[in-house]
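Structure record follows, encoded as structure tokens.
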Amino acid sequence: MKPFQIFAKKFSIESLRSLFDEKISETKAIGRDGIRTSQFADHIENEVSLISKNTKSGNYKFTRYKAKLISKGPFKEPRMLSIPTVRDRLTLRALCEFMAEVYPEAITRKPHEYIKNIKEELAGADLNAAFLRIDVRDYYPSVDRELLIKDIKKKIRKQEAISLIEKAISTETFKAGEKGIPQGLSISNILANIYLLEFDLSLKKYIKYYRYVDDILMICGSTAHAQDVFKEVKWRLEHQRHLLCHDLGDKSKSCISSVQHGVDYLGFHVSKSKISVRQSSLRKMISSIISIFSKFKPINNDTKLLWLLNLRITGCRFEEKNYGWMFFFLQTEDTSQLSRLDRLVRIQLNKNKKYKLIGKQKTFIKTFHELRFKGIKSKYIPNFDEITFEDMVNIICTITGIDKRKLEEKGEKFVRSEFKKIIKKEVSVLERDIMESFS
């Protein structure tokens, strides 16, 4: 289909209604209008009809986004996320799906796919080869909107679609400006990738090049070659895309290192000889494990502790997606790091006098081998999409402490809803672990 046909399909009443049920109905964020998802759902037919009508006529208007500040640590400025209203969230999700179908090459791949490709490339790399890592400074706020729209117009001619994109990125969050893509919107990542597509292609013609949003890694012939490439890439970013990158330096996010020494990239430490988990990522997982025991010091609920601990170790499958630290770091070749985590768990069990739990806890090592050889079919990793009703009841009782008989009296619909809430909450913790290890 052509872009204008895709646009019409994505913003049809039927498609919007289905999209709300699948992607929006259970989200909880509240925009500036104060409308909750449940309230929006009460008027869904009228709402999707208005969205469809106004987007197709070019008259759709976004409500000013609400700002949410996310801490990046004690010595860094917080990241500002833009929170749209429910109506705008649905519109933006439809716009994101439209863009993804028009620009499949701009969809962000999972980090471990990049690591796998880099690993394959390193197998044949010369020992004198060098990594060049370049980090773009303040990427999202620095994107030139005029250049971005100019690029998009090369592929999308429909004015209503262009107008909707322009309105989406120019709607105010905190203050108005002529540059930047608001962060936190469903379209943010794909637009950020579209902005550098032509830049990517120009470099891929003559060098091994990988980019994850604003984090670029290249494999050069030598250290001297990497220094020359850095100068060229820095110039191109500034003069062709109006972007600045961090200068090379020991403590800089931009650096040059030999393939034998390796480089930190996407949560991993990558070298010609071995792929391992980055030390800072490992430390963050250690802190996450210790925090579980800290929560349970004043509480004598060993069953709940064991369940949460095992979930943190193995991760899980829920709503046809994989969650957990081991799923993310499955490309590691350094199993000694996993053994270190397993030792930590045993030490913490002993330290907290949870002697009865020793031997009942799952392990990172076994999780790693189960995922490597059996994948999501492994019975060792919980699959909450295939769980029995009885197991749902047991998990709810374990986590909430509610009496089993009283829970069953509330009926199957209540149990399934309560189970879903519990798993969603725990999955968000698993995702937080990944984001902290990845950042």
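The values are calculated or read from the model by the stated rules, or taken from the named source; none is laboratory data. Because the structure is predicted, anything quoted here is derived from the model rather than measured. Backbone-built Cβ (ideal geometry, glycine too); neighbour counts: all protein chains shown. What goes into the accessible areas is simple: the full protein's heavy atoms, side chains included, and nothing from ligands, DNA or RNA. Shrake-Rupley method; radii C 1.70, N 1.55, O 1.52, S 1.80 Å.
Comparing 242, 43, 112 in a Gaussian network model of the chain where C-alpha atoms under 10 Å apart are linked, the largest mean-square fluctuation is found at 43. The candidate values were (1) 1.19; (2) 1.48; (3) 1.09; the one computed from these coordinates for Cα Rg over 2.2 N^0.38 Å carries the label (3). What you get for the chain, charging only the Cβ of Lys and Arg (+1) and of Asp and Glu (-1), is a dipole of about 980 debye around the Cα centre. Shown for the chain are no DSSP H helices, since none reaches 27 Å along its axis, judged by Cα atoms, with a mean Kyte-Doolittle hydropathy of at least 1.6.
Ignoring ligands, DNA and RNA, what percent of the accessible area of the chain is carbon or sulfur (1.4 Å)? Write down the numbers at each step before the final one.
On the way: 11460 of 22900 Å².
The computed percentage sits at 50.
Can you work out the FRET efficiency for the pair residue 300 and residue 43, with r the C-beta to C-beta distance and R0 = 35 Å, to the nearest 0.05? List each step's numbers first, then the result.
On the way: r = 48 Å, r/R0 = 1.36.
For residue 300 and residue 43, the calculated efficiency is 0.15.
Would you mind getting the accessible area per residue of the range 279-438, heavy atoms of the protein chains only, 1.4 Å probe, in Å²?
On the way: 8730 Å² over 160 residues.
Accessible area per residue: 55 Å².
Annotation: per residue accessible area for the range 91-191 equals 46 Å², rounded to a whole number [probe 1.4 Å, protein chains only].
Output the relative contact order of the chain, whole-number percent, from Cα pairs under 8 angstrom with separation of 6+ residues. It would help to have the intermediate numbers written out before the result.
Numbers: 593 pairs, mean separation 61.5, N = 439.
About 14 percent, as a whole number.
For the chain, the 222 nm mean residue ellipticity estimated from helices alone, with every DSSP H stretch of n ≥ 4 adding -39500 (n - 2.57) and the total spread over all residues, rounds to -16000 deg cm²/dmol.
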